[in-house]
Each structure stands twice: as C-alpha cells, then as structure tokens.
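Before any comments, here is the structure.
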Amino acid sequence: MANVGFIGLGVMGAPMALNILKGGHSLSVFDLNPDAVARLVEAGATACSSPREVGAASDFVVTMLPEPRHVREAILGKDGVAEGLRKGGIVIEMSTIDPKTSQSVGDELRKRGMNLVDSPVGKTSEHAVTGTLTLMIGGEPEAIARAEPVLDCMGNEKYYCGGPGMGHAMKITNNVLATTIMVANTEALAMGLKCGLTLELMQSVMKNTMAWNSQFSTAMPKKGFLGDDSPGFAIRLAAKDVRLACELEESLGIPSRIGRGGLAALDAAIVAGYGDRDTARLMFMLEEKLGV
Ligand code: NAD
C-alpha cells in the first residue's frame, strides 16, 4: 500500500480521494477550502498545510484542480508539491487542462528526478463516487505502471493515449465535442418548444434520426429535464474546457467555429450569474426566455 497525497477536494476530487482511502492507501490532503479537508480527515485522511507538505508525505500526489494555473501553482509554485516530493515520486494529474501545460509541468518535474502521469477523467461525479471513472492516461510507460494501483481506486476503464500530455489531449478533444453537442441540443430543443412541439415528441422522433445523441438518454433526463442544476459539472468548468480547446484548435490552424459558438453560450450563462451551477442550467435559461 502506498502513501498517497491528494490536492483539490471538490465535487470530483472528494469522492476520488475517499476511494483511495477505501483502497487501503494512506492519504494526505490539501485544499484551500477547510470544510473540504475536514470531511476527508473525518474519513481517515491526514490534513496538510500546503502542497509541499502533501508532497513530503507521499510517494504519489494526485491533483484534481479547476484550471491549468491552479495545477502549475500547486505543483511548481512556492510551497508546491515539487518542493516536498522525494526523487522518484510521481504526480498523477487528473484535472482537465491543456496538453501544453501538462507537458511543461511534467518536463520540469522530470528535470528534478520526479515524474508526471496525466490521467484526466471522463463521466460524472456519480462515477467518481462509485470509482467507475473513465481514465485517459498519458506518460512514460514505467511511471504509468507504478501509478496503476492508485489509478485503479478511481476508475474502471483505462485508455492509454500515449506519451506525456496525451491523456489531456484526449480529454480536451472529448470535452469540446461533448459540450458543444450539449449547447446544440438545448438550442434546437428551445426552437422546437417555441414552435409548439413537446419534449416527448421531439425525443420520440429524433430517437430514429441522425439528430439522436447519448445526452438525450443520459445527462438530460437526470438533470435538465427534471429542473435540477445542482453541481454536477459547473458551467465555469465547461467554459474553461471549451476555451482551452478553442485555443488549441487555433494554435493548430483549425478554425474553431463550433467551439467559439458553444463558448459564447457558456460565457452568457456565466455573465447571467450561473457559473457555479450545473450545465443543465443552459436548458432552463432557454426555457425562462421562452416562458415555457
Ligand atoms: P470543483 O470546483 O468542485 O473543485 C475544485 C477544488 O479545488 C475545490 O475544492 C477548490 O477549493 C480546490 N482548489 C482550487 N484551487 C486550489 C489550489 N490552488 N490549491 C488547493 N485547492 C484548490 O471542481 P470539480 O468539479 O471537482 O472539477 C475538478 C477538475 O476536474 C476540473 O478541471 C474539471 O474540469 C474536471 N472534471 C470535472 C467533472 C465534473 O463532472 N465536475 C468531470 C470530469 C472532469
């Protein structure tokens, strides 16, 4: 059993950290939110006062943070993980960030004799609770093999995407598509509703056409169709993913037409004050405007 550290105990990170404890590993944790830390300590984890302290107590440190800047700061910043982790230690970076940040943070760690495995996750907070996340893994094969027992506590589907940063490349590719499909779904359904069609009729018809996509039978019935916008997957995080994807597409010479359109819808929801609500809120916003 390993000494594992965990930084970022939010909607996803808290249940993932709990599953590492349940897997029999010892766990040291840090989060800016003391309540989040207290909940994990109650379950048996040890609280640390900085990412450096987490690093010093651990062989593996998992990071599950909102944005690239938080990841860079927690790992390489002052009092960061890299100041405490022993040589040979491994950071398992599971947030949704861009592959460039992932690769540059990994390069810096490798210069210091440490390593980084990227393993962002697919699916939802429910799957984080049950330890059944989809893991998109990148990194050096030897480091991945060593990290595997920790990864297995959190996910049950593993995809090996390639060298350093390739897990993050896969995740950003997945998320720009999933999120823009979601925005397109809400826009089309709003038009249908305004024309006087019912949700039930539209679903029955589209089940048999090329418009059908899995969000009609997975995310939407669980949240949007029920009027539930509790987090979930916060709109601010979805916007961050799409923004990172648009920048990546444009840096590769790919025009980001659909991505930029999806981002405009998400940014409008943030301006309206819904950044912390689940992406299901987009559906109600359209309905509120329609008065249906
Ligand atoms: P969240 O906002 O619920 O949690 C983030 C946590 O990080 C919070 O507890 C916050 O206090 C903490 N934090 C922020 N900055 C910190 C810092 N500098 N040092 C220590 N702690 C810090 O986010 P989440 O929904 O758990 O998502 C985490 C990551 O996983 C994001 O990159 C997100 O895009 C990705 N993700 C989310 C989902 C989802 O459904 N929510 C699914 C897959 C991937």
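Throughout, read-outs are computed from the coordinates displayed, never taken from laboratory work. Please read these numbers as outputs of a predicted model, since none were measured by experiment. Because the Cβ atoms are built from the backbone with ideal geometry, glycine has one as well, and the counts that use them run over all protein chains shown.
Relative to the Cα centre, what is the charge dipole magnitude of the chain, using +1 at the beta carbon of each Lys and Arg, -1 at the beta carbon of each Asp and Glu, and rounding to the nearest 20 debye?
On the way: 28 positive and 33 negative charges, 45 e Å.
Rounded to the nearest 20 debye, it is 220 debye.
Put a dot 7 Å past the Cα of residue 49, heading toward its Cβ, do the same for residue 79, and the two dots end up 0.8 nm apart.
Sorted on the mean count of surrounding Cβ atoms within 10 Å across their residues, most packed first, peptides 52-60, 280-288, 90-98 read 90-98, 52-60, 280-288.
Projected label points at residue 181 and residue 42, each 7 Å from Cα along the beta carbon direction, are separated by 3.7 nanometres.
Given their separation in residues at 0.36 nm each and the Cα-Cα distance between them, residue 218 and residue 123 gain 33.1 nm when the chain is fully extended. Each label point was placed 7 Å from the Cα along the Cα-to-Cβ direction; for residue 211 and residue 111 their separation is 5.4 nm.
The relative contact order of the stretch 74-199, computed from alpha carbon pairs under 8 Å that lie at least 6 residues apart in sequence, is 23 percent. With neighbour counts taken as other beta-carbon atoms within 10 Å, the residues 159, 274 rank, fewest first, as 159, 274. For the chain, the relative contact order is 14 percent, taking Cα pairs closer than 8 Å that sit 6 or more residues apart in sequence and dividing their mean separation by the residue count.
The listed peptides 225-233, 74-82, ordered by packing as a protection proxy, come out as 74-82, 225-233 (highest mean of other Cβ atoms within 10 Å first). Does the stretch 213-272 come out rounded, prolate or oblate by the C-alpha gyration tensor, with a ≥ b ≥ c the root eigenvalues, rounded set by a/c under 1.5 and, if not, prolate when a/b is larger than b/c and oblate if not? Cα axes put the stretch 213-272 in the prolate bin.
Applying 0.36 nm per residue to the separation of residue 270 and residue 130 and subtracting their alpha-carbon distance, the gain on full extension is 47.4 nm.
For the chain, the calculated P(r), taken from all Cα-Cα distances in 5 Å bins from zero up to the bin holding the longest distance, is 1, 6, 12, 16, 17, 15, 12, 9, 6, 4, 2, 1, 0 percent. Charge dipole (Cα centre; +1 on Lys/Arg Cβ, -1 on Asp/Glu Cβ; no other charges) of the stretch 3-164 amounts to roughly 260 debye.
Just so you know, the Rg over Rh for the stretch 169-290 is 0.97, from Cα atoms, with Rh as the Kirkwood radius. Estimated from the Cβ-Cβ distance and a Förster radius of 35 angstrom, the FRET efficiency linking residue 195 and residue 247 is about 0.45.
Quick one: compute the contact order of the stretch 169-290, relative version, from alpha carbon pairs under 8 angstrom and 6+ residues apart, as a percent. Please report the intermediate quantities before stating the final value.
Numbers: 109 pairs, mean separation 46.2, N = 122.
About 38 percent, as a whole number.
Computed extension gain for residue 32 through residue 254, at 0.36 nm per residue and net of the alpha carbon distance, reaches 76.2 nm.
Selection among 65, 106, 94 by position relative to the dipole of the stretch 41-119 gives 106 as farthest towards the positive end (Cβ unit charges, Cα centre). Rounded is the label for the stretch 3-164, because the ratio a/c of its alpha-carbon gyration tensor axes (a ≥ b ≥ c) stays below 1.5. By the count of neighbouring beta-carbon atoms within 10 Å, fewest first, 210, 154 end up ordered 210, 154.
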